[in-house]
Amino acid sequence: MGELKQHFRLFYRPFLAPMSVIIAIIAVENSIGLSIPWLLGRLVDWMHARGDMRDAMMLATSIAFLWMVLNYLGNFRWRFNLIRLVQPLRLHVMRVTMERLTKLSLAQHLDKHSGVKQSVIAEGQDAVRSLMDAMVFQISPLVIECVAVICLLAWANGMMAGVVIAGASIFVFWARALNRTIAEPLRELKEEGHRESKFRNDVMRNMELVLLTAQEPRAVNETQSSYARIQQQHRNIWIPYSLDATSRDNTPPLTRLGVYLAGIWLVWNDAASVGSVLTWWIWTADVLNRVGNIGWIWRDIMEYIASARVFGDLLNTEPQITSPPDAVRPERFAGRIAFRDVWLTYSGHERESADDGTAHPVSRNASLRGVDLAIEPGQRVAFVGPSGAGKSSIVYTLMRGQDPERGTVTVDGHDLRRLDIRQWRSRVGIVPQTVHLFDKSLRYNICWATGKDPYEVPDADLDRVIAMACLTERVSSLPYGYDTIIGERGVKLSGGERQRVGIARALISDPDVLVFDEATSSLDAENEHLIHDAIRTASRGRTTILIAHRLSTVADADRIFVVDEGRVVHAGPHAELLSVSPLYRSLVQRQNKVF
């Protein structure tokens, strides 16, 4: 029940009013529904007594009228539910989900596989909506009708009420005990399902690899085997459950038998009229039909709760990176950046205690180990070093993907942790090694970082950043210019063009700091030259950080930091490093041999 209360507070509280209106309509519908059998019983008594024909016509007309009222009430309830509850709830759940997810840190998103997240979110959102449907349209009518019928029967005939109460109570407690036994297996089934979904998404995402390596049969067989485990686990839960549930489901028919026998005894002993007994039989039949549905309603609710629990755990994850209430929010940044004894280990990695009692990252897992560096405003600096040396970790820390365990990072003299994180990130233009693009227009992709509608950005601004990114000629050749759809992940553009679109997107907001993380690592010589020209143009007047394996792209940087095993081991201009840094010299010589 804790999960239900949690989701009630998070998702359902804004919709208490429309939910109450719908439940009230259901109560009216149930009242009318109970009135019809009563009128039908009176009509049967009239037939037995052969009373006044006008009374019979009045009873028959009343029954037909109430059926029409029920029809219109049902239509009104459906429209009200769609407009005031179903659609707004879906929108609310989607918004809450995105708000919670976007508050998580980069490290938290990297820790959770995207395929698993998508599966958890899809099933969780569906579970939240289904729980609402179950509470409003299944549980509330059942409770309302059961209470009303038991009260009416208790007022009319205690024997009949006693039979119904006994049968319904046995069924409810049996169903509750039976469903409790599958709560934990259902949770495990959901987790296994998410793992299977993750594997299937991996296969789909790497379909190019599957085809190029001629491993289609392996992909099919492994996917089938993964899904077969889910099916077997599903059978292991539901086959034993169905056998026990069959025995439980004998309770309503036996209760009906008791009701029939009680009614026969009452009529035989002239303790009730035939019409009254018929009314009671119809009432109890409706109630027992609803009670008989408790089994599968409860079973569905258990599945919804299993999905909602995992979904809730995801949404209730506390963000690791937050801005303080009194965060510093400068309009612009000069771009003076300093690292002071910065240690960082990616989340989940082991640590060891030093002699001084402080926690230091374990060397084999360390990303940064006591980094000290300073970058002046307007400088163009570069980080070079072997793969895994910690170059990208410096940028990761600068963007507050994760806070360091030790040391401080400052921007214009402000501790990075004191800055408003969104304000800081909005003033940094970053071009990663793999530029992320939407299957939308070129205009949409370039203007994404502005936070504006793409058509609110003047074409003159687009022309400016496109020219700086060396893309003017390519854009002019597109069939619809800026409004050309570039395809999933920018498939209609070449690798170099995608990188230059990333540069244009980084520049459109006129950032104070530019970061190029391996922006040329996978490009040919011609595209590398174009990107290098674009970087040189874009970096004028801005603090610019370059991370590169190809040292030809950073040789003209104002200052080059040589990184090795998580430390900055040397720093200086290209010519100086060639004479004082053996590591830098060896990197240059190795690349000269290659090229």
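The values are calculated or read from the model by the stated rules, or taken from the named source; none is laboratory data. What you see is a predicted model, and the numbers here were worked out from it, not measured in a lab. Cβ sites come from the backbone with ideal geometry, for glycine too, and all protein chains shown count toward neighbours. Heads up: the accessible areas ignore ligands, DNA and RNA and are worked out on the full protein's heavy atoms, side chains in. Shrake-Rupley method; radii C 1.70, N 1.55, O 1.52, S 1.80 Å.
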message = Among Met68, Gly124, Trp155, whose Cα projects farthest towards the positive end of the dipole of region 66-182, with charges put on the beta-carbon of Lys, Arg (+1) and Asp, Glu (-1)?
response = Gly124
note = As a percent rounded to 5, the proportion of antiparallel DSSP bridges among beta bridges in the chain is 55 percent
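Hydropathy first: keep DSSP H helices in the chain averaging at least 1.6 on Kyte-Doolittle, then drop any whose Cα extent along the axis falls short of 15 Å, and list what survives.
Numbers: long enough: 16-49 (49 Å, 1.27); 53-81 (42 Å, 0.44); 87-102 (23 Å, -0.19); 114-133 (28 Å, -0.13); 140-156 (24 Å, 2.15); 158-180 (33 Å, 1.23); 183-205 (33 Å, -1.65); 216-248 (47 Å, -1.12); 251-268 (26 Å, 0.94); 274-292 (26 Å, 0.71); 294-315 (30 Å, 0.63); 495-507 (19 Å, -0.43); 525-538 (19 Å, -0.53); 582-594 (18 Å, -0.85).
In the chain, the long hydrophobic H runs are 140-156.
Quick one: with all protein chains in place, what share of the accessible area of the chain is carbon or sulfur, to the nearest percent (1.4 Å probe)? Please report the intermediate quantities before stating the final value.
On the way: 17400 of 30550 Å².
For the chain, the apolar C and S fraction of the accessible surface comes to 57 percent.
Write down the accessible area per residue of the chain in Å², having rolled a 1.4 Å probe over the full set of protein chains. Numbers along the way, then the final one.
Numbers: 30550 Å² over 595 residues.
Heavy-atom accessible area per residue stands at 51 Å².
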remark   = Cα-based Rg then Dmax for the chain, in Å, read 34.8, 119
ask   = Lysine pairs in the chain with alpha-carbon atoms under 19 Å apart, 8 or more places apart or on different chains: how many are there?
value = 9
ask   = To the nearest Å, what is the center-to-center distance of region 177-195 and region 414-439, using C-alpha atoms only?
value = 40 Å
ask   = Put +1 on the Cβ of each Lys and Arg and -1 on the Cβ of each Asp and Glu in the chain; which of Leu471, Met58, Ile560 then has its Cα farthest toward the positive end of the dipole?
value = Met58
ask   = In percent, how large is the relative contact order of the chain, given Cα pairs closer than 8 Å and 6 or more residues apart?
value = 15 percent
